[in-house]
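Report on the following structure.
The values are calculated or read from the model by the stated rules, or taken from the named source; none is laboratory data. Please read all numbers here as calculations on a predicted model, not as lab measurements. A quick note on method: Cβ atoms are made from the backbone with ideal geometry, for glycine too, and the neighbour counts reach across all protein chains shown. With ligands, DNA and RNA removed, areas are computed over all heavy atoms of the protein, side chains included. Shrake-Rupley method; radii C 1.70, N 1.55, O 1.52, S 1.80 Å.
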Amino acid sequence: MRILAQDLAQHLKRRLANCYFVFGDEPLQHTEAMDAIRFEARQQGYTEREVFQVTSNFEWASLFSSVNTPSLFSEKRLIECSLGEGKIAKSLSDTLAKLATLEHSTSILFLFSASKLDTKIQQSKGFSQLEQKSITIYARSLSTKEALMWIEKRLATAGFKTTPLVIQDLFERTEGNLLATSQVITKLQLSLDPQKTPILSVENIRDIISTDARFTIYDLVDASLSGSVEKTARIFSRLKDEGVDPILVLWAITREVRTILALFAKMQGGQISSSLLSEHGIWKNREPLIRSFIHRFSTTMLQNILLKSKQVDDRAKGRVQGSAWDLLFSICLTLTGAYHE
């Protein structure tokens, strides 16, 4: 059975299934869904946790051996399998489906995760069988209407009363990004007492955002696309020094690259319309930036960046040795146009 990430909380109030598969390209919902399942599992006695990174040469025998070996520490175990980019072949779908129905299902809870899955994979017979035997959770990007409802609910949960104007203002200032929006709401909680703030105002939102002197991952993306090497290097260094997760930086960069590649695919006669930019989530204030970048780059260059991003992911997750930050910086410089391999 498939449910949306925003419906997971209601599901977990009713029951905890034996197997979950979380996938989708919206990072905040993806992360929160994983955390919610882990928390509920701990509450219900799954106190031991094992994590497996599934790569192309992954030895499935080691996982099945772990499943079939009783634990010395806990009667209930949570076993997580991260599938990375989620390139799931038929054989892998069949394997996951088999794991989901093992006799040990009363003592083992499986939690599979992947990023965005290709539509063909989602429609495959193997994945359909997996959905029948587990709970699949889709952490997808929200539409504008859904994002506004999400913000309203999030503010209410934080204890704030608000108005449609405030919700719209917060949505526009964070460009609909849920992670950035969540960070703003957290800062509101730290600086304002909901009990002493009858109704949240637009000024409250703007004060929080304007007083935040730190750079964001989106500032880095825009600096890179603009071609400013100096600004890109300064923001990159600040994010690194502040301990920002390189995976989060990588996500912001690859998300932008994939969006621009999609624009390239739909351009007609080398021209790009405002309606096409809007369709792909490009706000009015960023149109000049994207148009300028597209004229300076090619699809081949962007595809090479995506290939290199896989190396960053491998380094950040410890699958291969090397500095993820060094490789990330070379990607940012490539986007500025100052560095080519």
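Rank ALA158, GLN132, GLN168 by how far each Cα sits towards the positive end of the charge dipole of the range 132-179 (+1 on Lys, Arg Cβ; -1 on Asp, Glu Cβ) and give me just the farthest.
The one lying farthest along the dipole's positive direction is GLN132.
At 1.4 Å probe size, what's the solvent-accessible area of TYR20? Round to the nearest 10 Å².
Counting only protein heavy atoms, the figure is 0 Å².
In bins 10 Å wide, starting from 0, what share of all Cα pairs of the chain does each bin hold, as a percent?
That works out to 5, 21, 29, 27, 15, 3, 0, in percent per bin.
For a protection proxy built on the mean count of beta-carbon atoms within 10 angstrom, sort 6-15, 224-233 highest first, please.
Highest-to-lowest ranking by the protection proxy: 224-233, 6-15.
Placing +1 at every Lys and Arg Cβ and -1 at every Asp and Glu Cβ, with all other atoms neutral, what dipole size does the range 267-341 have around its Cα centre, in debye to the nearest 20?
Its charge dipole is roughly 80 debye.
If DNA, RNA and ligands are ignored and the probe is 1.4 Å, what is the ranking of THR47, THR95 by accessible area, most exposed first?
Heavy-atom accessible area, descending, gives THR47, THR95.
Give me the percent of accessible area attributable to carbon and sulfur for the chain, probe 1.4 angstrom.
51
Checking the cross-link filter: which aspartates and glutamates have an alpha carbon closer than 16 Å to that of LYS125, excluding same-chain neighbours under 8 positions apart?
Straight-line reach from LYS125, under 16 Å: ASP94.
Rounded to the nearest 500, what is the 222 nm mean residue ellipticity of the chain from helices alone, with -39500 (n - 2.57) per DSSP H run of 4+ residues and division by all residues?
One gets -17500 deg cm²/dmol as the mean residue ellipticity at 222 nm.
Got a sec? Charge dipole of the chain, +1 on Cβ for Lys and Arg, -1 for Asp and Glu; which of ALA9, GLY227, ALA180 is way out at the positive end?
Result: ALA9, furthest along the dipole toward the positive end.
With +1 assigned to the C-beta of every Lys and Arg and -1 to the C-beta of every Asp and Glu, and no other charges, what is the dipole magnitude of the range 152-230 about the Cα centre in debye, to the nearest 20?
Around 400 debye, computed over the range 152-230.
About its Cα centre, what dipole magnitude does the range 203-326 give when the only charges are +1 on Lys and Arg Cβ and -1 on Asp and Glu Cβ, stated in debye to the nearest 20?
Using only the charged Cβ atoms, the result is roughly 420 debye.
Roughly what % of DSSP beta bridges within the chain run antiparallel, to the nearest 5?
5
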